[in-house]
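Everything on this sheet refers to the single structure shown next.
Nothing in this text is a laboratory measurement; each read-out follows from the coordinates by a stated rule. It should be emphasised that the depicted structure is a prediction, and the values quoted were computed from it without experimental measurement. Note that each Cβ is placed from the backbone with ideal geometry, even for glycine, and that neighbours are counted across all protein chains shown.
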Amino acid sequence: MKMSSAVAGILLVFVLAALSASAQTQTAQPPARALANLYEVAKSITSKPSGEAEEHPGGSPTFPYPDSIQLQWDQSMAVYGNKLNPQEQALFPPCATHLNTAIADTEKGYTTEDTQPKSNTGAQADAQKSYAAGKLEFEQCDAAYALAQSEIGSAPAPPSTPQQGGADTNASPEPTPAPAENPPAGTSETPTSDTSTPPTTASNGAIPGSVEESEEPGSIDWTPTLDPLFGYLSKEWNLVASDPKNNSWAADDAGNTLTLKLQPNQAPEVESISGARSSSLRTITENGLPETKFPNGSKLSSVVVAPTFNVKPKAGMKRTRLKYYERGGIFKSYRVAQ
């Protein structure tokens, strides 16, 4: 018996819908992880708004990383929103509302502060009010975050694998190259990176990972941990590279690489600096770098990152950045377009 075209079309629609739903489920973060990520980025931006901002000379700053984490929460709720238990339902959605408001208030405050002259005292006062409102919203979420963290901590551990990246282990892995990092800033004069990876002998540098694996249950997102450091470095480098006295600097396609060893609650340790403008990088590091607080649940005792800074982007260069995560005690990264 032949199937009518109308019936075949209906079946095709159902199949495509099922495949779409399956794909969405596979990529959506569990609610506890999505809320924890949202909390951590809200904490980061309310503590230091400039660390999450991407500057655009002559225009308003943007906030791509907080935007992506907010989208992650929305995707999680689209898949799991009707599967929350009573305690999650009572805490997670209201907390997410507070966190999203905190992010929005802080972004508004920073945009006002960044785009309005300091002489505009009224606008600057409004910026401070927005900051205060954002912090107040953020403070409403301690109970929900504690629940999320307890659920993440009790989640089944991923399969055991040889540990690298500074984890306590008896294994002696071979030195692994740490990929170049393009710190998160958005002007033509800020650090840029092509797809090349500078060599390093760091055995606890990030090994190649994937966005798919980073979103699986049990993976720990390191981006909120590292973005304040990379944002600080990017801003400081931009001040140097855009200084009129350095206008004669030629484009440096090879870049200038700063290799840093990070340990919990300590300032980064400089392992090496290379490149034609390494002296400028050294000056930045000598002024002091922000301490790094490792993410909750991390098994790592140290990691190595190697951000690369360019004087000017070469024509046609594709801007990229690395996103970092941890899985099974292993430090990993994957590259995304910027």
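Brief remarks on what is shown
- Close Lys pairs in segment 8-154, defined as Cα atoms under 26 Å apart and 8 or more places apart or on different chains, number 13.
- Per-residue 3J(HN,Hα) values for segment 29-38, derived from phi via the Karplus relation 6.51 cos²θ - 1.76 cosθ + 1.60 with θ = phi - 60°, read 6, x, x, 4, 5, 4, 5, 4, 5, 5 Hz in sequence order (x marks Gly and Pro).
- Fully extended contour minus Cα-Cα distance, from ASN82 to ALA250, at 0.36 nm per residue: 54.8 nm
- Each principal axis of the Cα cloud of segment 239-297 was evaluated for its coordinate range; sorted largest first, these ranges are 46, 21, 18 Å.
- Per-pair calculated FRET efficiency, R0 = 25 Å: ALA267 and SER50 via Cβ, rounded to 0.05: 0.85
- Point-to-point label distance, GLU139-THR283, nm (Cα→Cβ direction, 7 Å offset): 4.1 nm
- Signed unit charges on C-beta, dipole axis of segment 8-154, positive-most listed residue ALA104, ALA133, ILE152: ILE152
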